[in-house]
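Participant: Here it is, the structure in full.
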Amino acid sequence: APRWAGRATAWALVVMCCLPPMVQAQKPATTLNSDCGCTSPYRTYKQAPTPSQQQLFKAARRADADAFMRLLPLSGPLGDVAIQDEPILSAIIRPDPELKTTEGSWGWRQPKERDRLFQAHRATWPARLRMLRAALAQGAQPNDLTYQSQQPALHLAIAFGSPEMVETL
């Protein structure tokens, strides 16, 4: 019974936290922060990563922990780095885009495809956990939101990661 309760809790968190919001985030209008007294929760990253940082992101997406660990010392602090507005923690936790069978769809609604995707991603959890811990130690920001990646790392870990990733974050 506790096992099922834990699964039910995890699914409830996924439904509450990780489904796309009903209203998609819009880029701010030309209104200045000083005009309304507010600030956006979305962060903008510099878009000129170094070649080693680009390779680091590729290794993160592929769950290649060995390459990631070799590149990490060459990449500098990770707190201000993103590629196409995706922070490094998002690249580590999300499933590899190469797992898609089609361009536009992940195939989550098809039972066979969903099982294939889940098993393929689950096999990478130990490597992803190792990269997650190293990235956090290198200055990656766990609470960052961007227009591209609208869920913080904790929400992604609940949806796509392992219980150990959730505990680490």
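The values are calculated or read from the model by the stated rules, or taken from the named source; none is laboratory data. Treat the numbers as computed from the prediction; the structure is a model and nothing was measured. All Cβ positions, even for glycine, are placed from backbone atoms using ideal geometry, and neighbour counts span all protein chains on display. Only protein heavy atoms, including side chains, enter the accessible area calculation; ligands, DNA and RNA are left aside. Shrake-Rupley method; radii C 1.70, N 1.55, O 1.52, S 1.80 Å.
Participant: Of everything in segment 55-64, what is surrounded by fewer than 20 Cβ atoms within 10 Å (Cβ to Cβ), farther than 16 Å from Ala120 by Cβ and under 16 Å from the mean Cα position of the chain (by Cα)? Give them in sequence order.
Facilitator: Lys58
Participant: All but one of (1) open to solvent by 30 Å² or more (accessible area, probe 1.4 Å); (2) modelled with pLDDT of 85 or more; (3) among the β-branched types (Val, Ile, Thr) hold for Ile92; state the number of the condition that does not hold.
Facilitator: Single failed check for Ile92: (1).
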